[in-house]
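The values are calculated or read from the model by the stated rules, or taken from the named source; none is laboratory data. Since the structure is predicted, the reported quantities are computational estimates derived from the model, not experimental observations. With ideal geometry, Cβ positions are generated from the backbone for all residues, glycine too; neighbour counts draw on all protein chains shown. Remember, those area values only see protein heavy atoms, side chains included, never the ligands or the DNA or RNA. Shrake-Rupley method; radii C 1.70, N 1.55, O 1.52, S 1.80 Å.
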Amino acid sequence: TGVQTCALPISWLPPERTFSSLSPTGRFRAERVRHFELGAEQTLGRSGQVSLRRFRQDIDDQTATIFGLDVDGSLWAAGHYNVASMGAATIDGWSVKAAGAVSSRVSGSIEYSIGRAQWTPGGSARRVELVAPSAVRRGAEQIQDLTTSLDVAIPGPETRVSVVYRVDTSFSQIGRAHV
């Protein structure tokens, strides 16, 4: 009696996305978000609602993700990004939302939020400021957000199509950074 073995080829695929820390120590802390809100919602007719909410967010070790950074002078590898802990933020605000259905197959919503943010840089903020200055915020800032959505249900294949459009003043400026 003998033992027969079959060798199967093993191939390794690289990860689709990789990341590096921008911290001088190579480490970063996980972001922690505490979100509190109180709201009220009123139904209008058979298919509409309007809501109002008050919210507060406290964020420690806020994480920044930076794509396309050429740190060591080599060509940027697709799918690689850098992360860093940026500090803290507190946001106090209000939001109002209207939602409803136009027909049995079409519905949508619009929501406007306004808040006051207090940014406190920390962690790797100084290093991030060298490569992506707009990602580092300081002091107080008013932020606004307008989000709209449209949902369409297509009969037959039971398909649902959703479109969301968002305009927000709290995103950092777009730009490619080089060190």
Checklist entry - Restricting attention to segment 18-46, and to residues there that are within 24 Å of residue 93 (Cβ to Cβ) and of a type in the set (Lys, Arg), which single residue is nearest to the chain's Cα centre (by Cα)? => result 32
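Restricting to segment 136-166, name every residue that is part of a strand (DSSP E or B), hydrophobic (A, V, I, L, M, F, W, C) and either open to solvent by 60 Å² or more (accessible area, probe 1.4 Å) or in contact with an Asp or Glu (Cβ under 9 Å, 6 or more places away or on another chain) (or both). Even if it seems obvious, please write down each step before you answer.
Our first condition is that a residue be part of a strand (DSSP E or B); within segment 136-166, this holds for 139-154, 159-166.
Applying the additional criterion that residues be hydrophobic (A, V, I, L, M, F, W, C) yields 140, 143, 146, 150, 152-154, 161, 163-164.
Of everything in segment 136-166, those that are part of a strand (DSSP E or B), hydrophobic (A, V, I, L, M, F, W, C) and either open to solvent by 60 Å² or more (accessible area, probe 1.4 Å) or in contact with an Asp or Glu (Cβ under 9 Å, 6 or more places away or on another chain) (or both) turn out to be 143, 146, 150, 154, 161, 163, 164.
Tally the residues that are of a type outside the set (Val, Ile, Thr), assigned to a strand (DSSP E or B) and either open to solvent by less than 50 Å² (accessible area, probe 1.4 Å) or at pLDDT below 90 (or both), restricting the search to segment 93-119. Even if it seems obvious, please write down each step before you answer.
Of segment 93-119, the ones of a type outside the set (Val, Ile, Thr) are 93-95, 97-101, 103-105, 107-109, 111-113, 115-119.
With assigned to a strand (DSSP E or B) added as a condition, the list becomes 93-95, 97-101, 107-109, 111-113, 115-119.
Keeping just the survivors that are either open to solvent by less than 50 Å² (accessible area, probe 1.4 Å) or at pLDDT below 90 (or both) gives 93, 95, 98-101, 107-109, 111, 113, 115, 117, 119.
Count: 14.
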Checklist outcome for this item: Counted residues in segment 120-135 being over 14 Å from residue 89 (Cβ atoms), open to solvent by 50 Å² or more (accessible area, probe 1.4 Å) and touching a residue at least 12 places away in the same chain (Cβ under 8 Å) come to 2
Item to check | Long-range neighbours under 6 Å by Cβ, at least six apart or interchain, first residue free of Cβ contacts under 8 Å to residues at least 24 places away in the same chain and within 30 Å of residue 114 (Cα to Cα) within segment 153-169, second in a strand (DSSP E or B) and open to solvent by 80 Å² or more (accessible area, probe 1.4 Å) | outcome: 163/150
Next on the checklist: Among the residues that make up segment 123-130, is at least one of them in a strand (DSSP E or B), basic (Lys, Arg) and under 25 Å from residue 33 (Cα atoms)?
Outcome noted: no
